[in-house]
Amino acid sequence: MSNDAALAIDALELDAIKESFNIGMGRAAALLAEILEHRVLLQVPEVEQITDGQLGDRFRQPGDISLVRQPFSGQVVSGEVVALMRRDAYKALMQTYGYGPEERSELALQQEVLLEITATLAAATLSGVAEQLGGEIDFAAPALVCVEQWTSLHEALFSGRDLPWRQAVLVEIGFAIEAIDFSASLYVFIPESSLPALKRAIGAMLEGL
Amino acid sequence: MVESSGMPIVPRLLRDMSAVGLVAVDKRMNVVLWNRFMEMHSHLSAAEVEGRNLFDCFPELPQAWLEKKLKTIMLLKNTAYSSWQQRPYLFKFPNVSSVTSEAEQMFQDGSFWALRDESGQVQGACISIHDVTEFAIAQQLLEEAAEQTLNLEEISYRDALTGLYNRRFFDEQIRHEMQRARHFGWDFSLAMVDIDFFKKVNDTYGHDAGDEVLKGVALTLLKELRASDTLCRFGGEEFVMLLPKVNRDNVQEIADRLLDSVRAAQVDAQEATISVTISLGISQYREGVNGEQLLKEADKALYISKTGGRDRFTLFDPDDAAFQ
């Protein structure tokens with residue numbers, strides 16, 4: 001279908017996206033170290049194009065995990081970020097985010113700190129990427145995704161929903177702060193409605209090189 | 001101090017906005033904007049707040065957390081949020097619907113973004129406060145209702161067919177009645193009721209007719225009982241009733257009345273009019289007797305009613321060898 005062809009991302013474009021993330025993340029590491037008060041290790045981002053049919057296999061793992069999702073939008077790139085953390089990840093973060101000792105046992109605030117870290121990681125990473133692509137982005141409010149221990153990531157995120165997309169660019173970034181034993185995976189979904197703008201931005205960027 | 005140049009009407013608009021709270025602080029956390037909404041709900045004017053440190057004005061603010069949040073957005077230049085679901089409010093303001101609503105505090109959603117000057121340099125931070133009290137209360141009511149529905153399904157005390165209390169309720173109720181009887185020295189009778197030849201009703205008229213008979217008997221018994229009595233469907237065609245403050249003498253009057261009423265009642269079931277009789281076995285609370293024992297005694301008495309010809313009642317007598 002011609003429509004699908006317009007959405008297809010070729011190898012050159014995938015490389016360009018990867019490069020934008022690489023550069024954006026170099027900047028993110030410095031910002032994150034300042035905010036989180038520790039050195040933050042960032043994995044080289046993995047970029048792939050996926051279809052909705054591949055989600056089940058891609059996100060099969062069940063988990064004792066916490067999930068937070070946060071939408072972002074801008075002229076060149078829009079989509080949704082999903083952060084995956086250990087269920088007890090809040091423990092490592094509460095002091096850093098200024099929660100007092102008595103606040104650290106409150107469930108609502110344990111949840112809040114997961115929203116905080118997701119917003120921090122997403123903003124640090126994606127604003128650099130958007131800048132590379134010649135635009136700005138901003139974020140809507142993050143929200144917790146309810147995950148039962150026996151459901152897979154795929155079920156928690158997508159099942160039972162008629163997704164408004166068939167294709168998406170997926171970028172996976174790993175974060176780790178060894179000093180406080182914290183790690184997270186950030187999945188950046190850029191769905192098909194956002195791909196034409198992304199392709200135009202990449203085209204413009206490649207031309208400028 | 002942050003100045004907005006060019007269109008003085010814009011800051012004026014924001015300042016006058018009373019539907020959304022707007023607060024701006026500089027990098028040292030001194031307040032540079034305190035709009036109408038904030039004035040109204042804090043009862044502090046802009047003149048009283050602007051120029052002062054935010055945390056000096058509002059010591060109850062979660063300072064460490066909020067400073068971290070504001071510093072983060074000044075570095076990342078993103079928009080950040082806080083939700084009433086995790087943090088009911090940022091500024092402790094009274095709920096404006098204090099007349100018609102039970103919430104004392106205003107529930108708030110907040111958003112946070114960097115305040116930049118013309119050249120894009122970050123000069124401070126902005127906070128917007130949205131009053132979401134109505135929404136939060138509605139949401140909480142919904143959640144409570146959902147919880148209650150779950151509870152009702154889980155611990156239903158009603159028998160679906162007759163609408164009478166079920167055995168589960170009986171088990172709890174008899175404990176309460178025994179406690180009251182012990183505590184106040186009350187009499188207390190327990191009666192087991194069984195519909196005579198109920199199997200024959202089912203076999204002759206069908207199970208739907210049998211169900212109608214069960215409902216009809218339940219209704220007839222209920223009409224004869226007091227509000228303080230408890231009638232439960234025990235299972236099958238068996239009922240049990242708890243009769244507080246009823247002693248050995250007046251329970252016989254009650255039993256006679258019940259027998260008469262059921263005998264006289266006619267149940268319209270399918271295309272037939274059915275009459276049935278019942279048998280009763282009755283026991284009385286005595287000191288040192290537990291609920292289980294009372295049930296057993298009533299059951300023994302019921303057995304004697306059945307073998308003695310049905311359509312009658314029998315009082316359990318602990319001294320009578322016939323019940324041993």
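The values are calculated or read from the model by the stated rules, or taken from the named source; none is laboratory data. As the structure is a prediction and not an experimental result, all values here were calculated from the model. Here the Cβ positions follow ideal geometry from the backbone for every residue, glycine too, while neighbour counts run over all protein chains shown.
Scanning segment A:75-95 for residues that are assigned to a helix (DSSP H, G or I), of a type outside the set (Gly, Ala, Ser) and more than 14 Å from chain B (Cβ to nearest Cβ) turns up just one, A:Lys91. A count restricted to segment A:130-139 and to residues that are at the interface with another protein chain (Cβ under 8 Å from one of its Cβ atoms) and either in a helix (DSSP H, G or I) or out of contact with any strand residue (DSSP E or B) (no Cβ under 8 Å at 6 or more places or on another chain) (or both) stands at 0.
A:Asp181 satisfies every condition listed in (1) closer than 19 Å to A:Thr96 by Cβ; (2) within 14 Å of chain B (Cβ to nearest Cβ); (3) not hydrophobic (A, V, I, L, M, F, W, C) except (2). Residues that are over 34 Å from the mean Cα position of the chain (by Cα) and closer than 26 Å to A:Ile117 by Cα number at least 1 in the following helices (runs of 4 or more DSSP H) confined to segment B:32-102: B:54-57, B:63-76. If A:Ser127 meets every condition in (1) more than 15 Å from the chain's Cα centre (by Cα); (2) among the small types (Gly, Ala, Ser); (3) at pLDDT below 90 apart from one, which number is that one? Just one mismatch for A:Ser127, condition (1).
Counting the residues of segment A:96-129 that are surrounded by fewer than 22 Cβ atoms within 10 Å (Cβ to Cβ), out of contact with any helix residue (DSSP H, G or I) (no Cβ under 8 Å at 6 or more places or on another chain) and either in a loop (DSSP other than H, G, I, E, B) or more than 8 Å from chain B (Cβ to nearest Cβ) (or both) gives 5.
Within segment B:242-249, can one find any residue that is closer than 19 Å to B:Asn166 by Cβ and not in a helix (DSSP H, G or I)?
Yes, segment B:242-249 contains at least one residue that is closer than 19 Å to B:Asn166 by Cβ and not in a helix (DSSP H, G or I).
To keep it simple, each residue is scored yes or no on (1) more than 13 Å from chain A (Cβ to nearest Cβ); (2) surrounded by 14 or more Cβ atoms within 10 Å (Cβ to Cβ); (3) on the phi > 0 side of the Ramachandran plot.
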| site | (1), (2), (3) |
| --- | --- |
| B:His43 | yes, no, yes |
| B:Glu50 | yes, yes, no |
| B:Asp56 | yes, no, no |
| B:Leu76 | no, yes, no |
| B:Tyr81 | no, yes, no |
| B:Arg87 | no, yes, no |
| B:Phe107 | no, yes, no |
| B:Ala114 | no, yes, no |
| B:Asp131 | yes, yes, no |
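Quick check: anything in segment B:188-206 basic (Lys, Arg) and either surrounded by 14 or more Cβ atoms within 10 Å (Cβ to Cβ) or touching a residue at least 60 places away in the same chain (Cβ under 8 Å) (or both)? Within segment B:188-206 (the criterion being basic (Lys, Arg) and either surrounded by 14 or more Cβ atoms within 10 Å (Cβ to Cβ) or touching a residue at least 60 places away in the same chain (Cβ under 8 Å) (or both)), the answer is no, since none of the residues qualifies.
With respect to B:Ala64, is the statement that it is touching a Phe, Trp or Tyr at 6+ places or on another chain (Cβ under 9 Å), within 25 Å of A:Leu144 (Cβ to Cβ) and among the small types (Gly, Ala, Ser) true? Yes; evaluated as a whole, the condition is true for this residue. Looking at segment B:303-311, can you tell me whether even one residue there is free of Cβ contacts under 8 Å to residues at least 24 places away in the same chain and of a type in the set (Gly, Ala, Ser)? The answer is yes, given that some residue of segment B:303-311 is free of Cβ contacts under 8 Å to residues at least 24 places away in the same chain and of a type in the set (Gly, Ala, Ser). Per the listing A:Ile23, A:Ile9, A:Ile17, the residue uniquely buried (at least 19 other Cβ atoms within 10 Å of the Cβ), of a type in the set (A, V, I, L, M, F, W, C) and in a helix (DSSP H, G or I) is A:Ile17.
Determine whether segment B:154-167 contains at least one residue that is within 13 Å of chain A (Cβ to nearest Cβ) and either more than 24 Å from the chain's Cα centre (by Cα) or not in a strand (DSSP E or B) (or both). No, every residue in segment B:154-167 fails to be within 13 Å of chain A (Cβ to nearest Cβ) and either more than 24 Å from the chain's Cα centre (by Cα) or not in a strand (DSSP E or B) (or both).
The condition of being modelled with pLDDT under 95 and closer than 29 Å to A:Leu32 by Cβ does not hold for B:Leu90.
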